[in-house]
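Peer 1: Sharing a structure here in structure tokens format.
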Amino acid sequence: MKKILIFTGFLAVIAASCKKTPSDPSITVTVAYPTITVTGAQYYSIPVNGTLPTISATAYDSFYNESVPVILDLSTLDATTPGLYAVTASAANKYGFVSNKTVYVGVTNEPASLDISGTYVRSGVATKVAYITKVATGMFLTSNVGGVDTVTQATSIVPAVFVVTSDSTIDFGSQLTNAGTLTANSESLMLVGSGAAGTTLNYALSLSGFGTQVRTFVKQ
């Protein structure tokens, strides 16, 4: 009986790793995805009306041992308007399984000295904490954009990128996260010094599974 159970489990694993191809549903193959390698950085920051960065990428499927072409969607980039822009690199292998990778471009005239990185608490609840780190001039990564409780809601933690566009505004643009596509509104910044304790972020999210209320984060 034990041998039968083990064999059945093995078949289940094989079945789970095989799938009908997106390009031809009549074909079933082992699921594999290309690995995309971006040339250069993942985060760029340029001033308004500055020169857009040259972004390039390659992709390779190590399971099927093939290089595949990369499509870069540069249509969102606008150097004339402050904000965060996401450039998506996508690559599909010969069976149609697609990988995506994102490069972020921030357009801002904020000085390189601006640094609001640190520990932020939402609504005064210590376990609703977000760690914000600087990734480029005026650009920051938050570890917990929803400000969910990191103890009781750990599976709902979503990282996200934003850019400071002025002393009183921030912008999340439109970006793909581990919870789907994120946009935001009512985005504001109350800056203390160049990012000292008391600096406050406010924004409302448009993201599946999250409410639309304005979320407030204060730097500790």
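The values are calculated or read from the model by the stated rules, or taken from the named source; none is laboratory data. The structure displayed is predicted, hence computed values, not measured ones. Cβ sites come from the backbone with ideal geometry, for glycine too, and all protein chains shown count toward neighbours.
Peer 1: State which residue is surrounded by the most Cβ atoms within 10 Å (Cβ to Cβ) when the search covers only region 179-202 and only residues that are within 21 Å of the chain's Cα centre (by Cα) and closer than 17 Å to VAL125 by Cβ.
Peer 2: Ranking the qualifying residues of region 179-202, first place goes to LEU201.
Peer 1: Here is a further query. For region 167-213, which residues satisfy the criterion of being aliphatic (A, V, I, L, M), farther than 23 Å from ALA86 by Cβ and part of a strand (DSSP E or B)? Please lay out each step first, then the result.
Peer 2: Applying the first criterion (aliphatic (A, V, I, L, M)) to region 167-213 yields 170, 176, 179, 182, 184, 189-192, 196-197, 201, 204-205, 207.
Narrowing further to those that are farther than 23 Å from ALA86 by Cβ: 190-192, 196-197.
Selection gives MET190 alone.
Peer 1: Under 8 Å between Cβ atoms, which residue pairs at least 6 apart in sequence (or on different chains) link something in region 184-206 that is at positive phi with a partner that is of a type in the set (Asp, Glu) and not in a strand (DSSP E or B)?
Peer 2: Partner pairs satisfying both residue conditions: GLY195/ASP115.
Peer 1: Could you tell me whether VAL125 is farther than 30 Å from CYS18 by Cα, at pLDDT 95 or above, of a type outside the set (Ser, Thr, Tyr) and surrounded by 13 or more Cβ atoms within 10 Å (Cβ to Cβ)?
Peer 2: So VAL125 fails the test.
Conditions tested, residue by residue: (1) under 19 Å from the mean Cα position of the chain (by Cα); (2) modelled with pLDDT of 90 or more.
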| position | (1), (2) |
| --- | --- |
| THR30 | no, no |
| THR35 | yes, yes |
| ASN49 | no, yes |
| THR54 | no, yes |
| ALA57 | yes, yes |
| TYR60 | no, yes |
| TYR64 | no, no |
| VAL68 | no, yes |
| LEU74 | yes, no |
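Peer 1: Which of the numbered conditions does VAL164 fail, given that it passes all the others? Conditions: (1) part of a strand (DSSP E or B); (2) in contact with a helix residue (DSSP H, G or I) (Cβ under 9 Å, 6 or more places away or on another chain).
Peer 2: (2)
Residues checked against (1) modelled with pLDDT of 95 or more; (2) of a type in the set (Ser, Thr, Tyr); (3) part of a loop (DSSP other than H, G, I, E, B):
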site: LEU77; (1), (2), (3): no, no, yes
site: THR81; (1), (2), (3): yes, yes, yes
site: THR88; (1), (2), (3): no, yes, no
site: LYS94; (1), (2), (3): no, no, yes
site: ASN100; (1), (2), (3): no, no, no
site: TYR104; (1), (2), (3): yes, yes, no
site: ALA112; (1), (2), (3): yes, no, yes
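Peer 1: Something else now. Look at THR137 and say whether it is assigned by TED's automatic domain parsing to the domain that holds ILE46 and either polar (S, T, N, Q) or more than 19 Å from ALA197 (Cα to Cα) (or both).
Peer 2: Considered against the rule, which asks whether it is assigned by TED's automatic domain parsing to the domain that holds ILE46 and either polar (S, T, N, Q) or more than 19 Å from ALA197 (Cα to Cα) (or both), THR137 comes out as no.
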